[in-house]
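Worksheet: one structure, shown below.
The values are calculated or read from the model by the stated rules, or taken from the named source; none is laboratory data. All values reported here derive from a predicted model rather than from experimental measurement. Here the Cβ is made from the backbone with ideal geometry for all residues, glycine too, and neighbour counts use every protein chain on show. Note: areas computed on protein heavy atoms with side chains; ligands, DNA, RNA excluded. Shrake-Rupley method; radii C 1.70, N 1.55, O 1.52, S 1.80 Å.
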Amino acid sequence: IAPLVGRLSKLGPPGELAAALLTRLAGAGAARGGPEIPQAVGSINAVVGQAFFVPLYDLFLTYGGIFRLNFGPKSFLIVSDPGIAKHILRDNSKAYSKGILAEILEFVMGTGLIPADGEIWRVRRRAIVPALHQKYVTAMIGLFGEASDRLCQKLDKAASDGEDVEMESLFSRLTLDVIGKAVFNYDFDSLSYDNGIVERLVEQEDLQFHEEYMNEQDPSILHFLLASGDDVSSKQLRDDLMTMLIAGHETSAAVLTWTFYLLSKYPKVMAKLQDEVDSVIGEGLPTIEDVKKLKYTTRVINESLRLYPQPPVLIRRSLEDDMLGGYPIGRGEDIFISVWNLHHCPKHWDDAEVFNPERWALDGPNPNEINQNFSYLPFGGGPRKCVGDMFATFETVVATAMLVKRFDFQMAPGAPPVDMTTGATIHTTAGLKMTVTRRTKPPVIPNLEMKVVSDSQEPTRSTPS
Ligand code: HEM
């Protein structure tokens, strides 16, 4: 792990990842022209340094559900139409690879499940999906609760000390602790340590996960994959586990960050959320039965993922000629499916920019790409859909419920504005600084029952003789 993480740390802050991505695109040779597809001319300078999907939204409103964006000699297609997204991701998914994404992630994920294509992907997907079976996720509920409780303790101390907290980095630590246990049965315990995650990982050079973490008490994905007896090379196993560690860490942290930002902006949603949580969970850690009852909490997460999809774009490359939205395209086209645009489309969503968990009925099905006909893609769709969707939903529901049960959250006075920047997910530019206060409990009524002191109990006075 250490050499990999060393290389990961060299990549620097998330904005640099976007810049690296775009530079690679700009240098990647001209794609076949598609004269019928509307063309927008962009400047790479306009995109680097800010959240690059934001200007793509304005271009979508101007040019429509598919358009070509030229960066010097290089061009790529931006897709914001649910029908075309469905075609690429599901109906004709075999004609598309991960393209540029696989090239960028190769150094850290190798041929792990996210970048892999073709036969390697097919075999590894079949091995990994059962590892995240519903029973496994249910067994993880306690782990989600324990890690969230450690975060509550940290917040409790901050509340006592009257110190504001930077929630984005705390959420990053929370989800690292969760995914480390879930994938390797390894305790990063990053909530208890203040030095950086990367340094701590590098300190663990002797992490011998093969034998050390194999035992019957170990429900980790690593344990499952080893026990399933598949003939898998240690390099492939490392790539798969590393992929899940990264996939399950940054995404869930980003969901929690933006959920709490939204809750601070919408106090009525927060009040309703706290009502539900108060009526469902008690003093102990939430159980799976509790989680199933946390329906409004789940809608809050669903809606947060609509407004802040993680990642905001999906990347593909065409492997053969195809038709997209009635336009012919050639082999080798680099394509961005803008989930951000799909989720913000003013034609599809009433009050698209409003955080409104009520848009989905509490007793209705959980919104997903199928029942929303590819207008809502929080976990992608088709054969490459996220394998950790249930894991991530339960993890974020448990964490949100436990935190709002114990605390109120407000933007800290003088906190920097919360702007977006991109890595693989949407980050804040300067953190999410919040004031955390313990929720006021109903006043404790003192026991006013007075002891009636009878004459006989009067202290006896010694009478002078
Ligand atoms: C794929 C989102 C959590 C493992 C994906 C994709 C999305 C996504 C959109 C599709 C990417 C594409 O089509 O290009 C999320 C979000 C999460 C989350 C929003 C948290 C809220 C997790 C967790 C795990 C995980 C916790 C593992 C435990 C994966 C893997 C893939 C994937 C392995 C690749 C699947 C394949 O290509 O066959 N995720 N994910 N994700 N996710 Fe997640």
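There is no residue in segment 343-361 that is touching a Leu at 6+ places or on another chain (Cβ under 6 Å) and within 16 Å of the ligand (Cβ to nearest atom).
The single condition from (1) open to solvent by less than 30 Å² (accessible area, probe 1.4 Å); (2) closer than 23 Å to Thr62 by Cβ that Gly326 fails is (1). For segment 368-407, give me the residue count where each residue is over 13 Å from the mean Cα position of the chain (by Cα), near the ligand (Cβ under 10 Å from one of its atoms) and assigned to a helix (DSSP H, G or I). Counting residues in segment 368-407 that are over 13 Å from the mean Cα position of the chain (by Cα), near the ligand (Cβ under 10 Å from one of its atoms) and assigned to a helix (DSSP H, G or I) gives 3.
Entry remark, segment 102-128: residues being farther than 16 Å from Met242 by Cβ and modelled with pLDDT under 90 number 1 in total.
A count restricted to segment 304-318 and to residues that are crowded, with 23+ Cβ neighbours inside 10 Å and away from the ligand (no atom under 12 Å from the Cβ) stands at 1.
Taking segment 129-179 as the range and being open to solvent by 40 Å² or more (accessible area, probe 1.4 Å), part of a helix (DSSP H, G or I) and within 18 Å of Leu222 (Cα to Cα) as the test, the residues that pass are Val129, Pro130, Gln134, Lys135, Thr138, Ala139. Within segment 373-391, which residues are open to solvent by 20 Å² or more (accessible area, probe 1.4 Å) and at negative phi? Within segment 373-391, Phe379, Pro383, Arg384, Lys385, Cys386, Val387, Asp389, Met390 meet the criteria.
Scanning segment 97-126 for residues that are more than 22 Å from the chain's Cα centre (by Cα) and on the phi > 0 side of the Ramachandran plot turns up Gly99, Gly118. Screening Lys272, Lys292 for residues that are more than 16 Å from the ligand (Cβ to nearest atom), open to solvent by 50 Å² or more (accessible area, probe 1.4 Å) and touching a residue at least 24 places away in the same chain (Cβ under 8 Å) leaves exactly one candidate, Lys272. Selection of segment 223-251 for residues being within 12 Å of the ligand (Cβ to nearest atom) and within 16 Å of Val108 (Cα to Cα) yields Asp239, Asp240, Leu241, Met242, Thr243, Met244, Leu245, Ile246, Ala247, Gly248, His249, Glu250. If only residues of segment 67-116 that are touching a residue at least 60 places away in the same chain (Cβ under 8 Å) and among the aromatic types (Phe, Trp, Tyr) are counted, the one that is nearest to Met323 (Cα to Cα) is Tyr96.
Going by the structure shown, is Val280 in contact (Cβ under 8 Å) with a residue 60 or more places away in the chain and either within 20 Å of the chain's Cα centre (by Cα) or near the ligand (Cβ under 9 Å from one of its atoms) (or both)? So Val280 fails the test. Among the residues of segment 106-126, are any under 30 Å from Tyr57 (Cβ atoms), more than 13 Å from the ligand (Cβ to nearest atom) and surrounded by fewer than 21 Cβ atoms within 10 Å (Cβ to Cβ)? Scanning segment 106-126, I find at least one residue that is under 30 Å from Tyr57 (Cβ atoms), more than 13 Å from the ligand (Cβ to nearest atom) and surrounded by fewer than 21 Cβ atoms within 10 Å (Cβ to Cβ), so the answer is yes.
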